[in-house]
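Comments concern the structure below.
Read-outs: derived from the displayed coordinates by stated rules, not from any lab. This one's a predicted model, so the numbers in the text were calculated from it and none came from an experiment. When we count neighbours, we look across all protein chains shown, and the Cβ atoms used for this are built from the backbone with ideal geometry, even at glycine.
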């Protein structure tokens, strides 16, 4: 079993829908990252969380440390949100452990 | 303020050759981590450099080596390339080892 599990692996939705991507992890962590990767490779860091909730524009990220679970929400989704969303955790120091990613496709 | 810069962006090499990938960290960051991302997979940790030393290493053979320079920039070297080394190589910098990562756009290496 991977240390970081994301669900769903693939998600297709219509423009305007509310999107939720889930991340569960099995190790103690000091922080959790949500990352976005577009075709072509570049990774953009969306959020770094150690507790609670963060919001940036249409993106909201939450984390429940006790349940070892985090969610990324996208409100009013748009085709430009289509990308792979990756959850990565920091179990202590030094190296990120990545989930497999969720491929999101938003159709117009 | 420039983020993380990686070069080259794309590279094609032949089996058995050697390759060097380069990374300039974000200004103010002193820690550089390298990751390998195979097609359709999540990134896998290769190693991390801090104060010009390798702090931690992932499960990669000795063919993968690195270096960090006094200006915090870093190189990833891969010797005796195999077809399976074809991947996107990502560099991430941070101001310390506890997060705040900034990622580069990656170098896509193709081994033929």
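Between B:80, B:92, the distinction of being touching a residue at least 40 places away in the same chain (Cβ under 8 Å), buried (at least 21 other Cβ atoms within 10 Å of the Cβ) and either more than 9 Å from every other protein chain (Cβ to nearest Cβ) or not in a loop (DSSP other than H, G, I, E, B) (or both) belongs to B:92 only. Quick one: what pairs do we get from region B:24-41, first residue free of Cβ contacts under 8 Å to residues at least 60 places away in the same chain and more than 9 Å from every other protein chain (Cβ to nearest Cβ), second part of a loop (DSSP other than H, G, I, E, B) and crowded, with 19+ Cβ neighbours inside 10 Å, C-beta under 9 Å, 6+ apart or different chains? Listed pairs, sorted by first residue: B:24/B:4; B:24/B:72; B:24/B:104; B:36/B:43. How many residues are outside any strand (DSSP E or B) and over 11 Å from the mean Cα position of the chain (by Cα) when one looks only at region A:84-105? Residues that pass the stated criteria total 6. Among the residues of region A:62-83, is there at least one that is more than 9 Å from chain B (Cβ to nearest Cβ), under 21 Å from residue B:102 (Cβ atoms) and in a loop (DSSP other than H, G, I, E, B)? Looking through region A:62-83, none of the residues is more than 9 Å from chain B (Cβ to nearest Cβ), under 21 Å from residue B:102 (Cβ atoms) and in a loop (DSSP other than H, G, I, E, B). Only residues that are in contact with a strand residue (DSSP E or B) (Cβ under 7 Å, 6 or more places away or on another chain), more than 8 Å from chain A (Cβ to nearest Cβ) and either without any contact (Cβ under 8 Å) to a residue 40 or more places away in the chain or within 30 Å of residue A:9 (Cβ to Cβ) (or both) were counted across region B:42-72, and they come to 13. Hey, does region A:34-52 have a residue that's more than 13 Å from every other protein chain (Cβ to nearest Cβ), over 28 Å from residue B:39 (Cβ atoms), in a strand (DSSP E or B) and out of contact with any helix residue (DSSP H, G or I) (no Cβ under 6 Å at 6 or more places or on another chain)? Yes, region A:34-52 contains at least one residue that is more than 13 Å from every other protein chain (Cβ to nearest Cβ), over 28 Å from residue B:39 (Cβ atoms), in a strand (DSSP E or B) and out of contact with any helix residue (DSSP H, G or I) (no Cβ under 6 Å at 6 or more places or on another chain).
Here residue A:69 clears all of (1) touching a strand residue (DSSP E or B) at 6+ places or on another chain (Cβ under 6 Å); (2) under 23 Å from residue B:95 (Cα atoms) except the condition numbered (2).
Counting the residues of region A:37-59 that are crowded, with 18+ Cβ neighbours inside 10 Å and in contact (Cβ under 8 Å) with a residue 40 or more places away in the chain gives 2. I'd like to verify a number: residues in region B:101-112 that are closer than 16 Å to residue B:35 by Cβ and either free of Cβ contacts under 8 Å to residues at least 40 places away in the same chain or assigned to a strand (DSSP E or B) (or both), how many? Residues that pass the stated criteria total 5.
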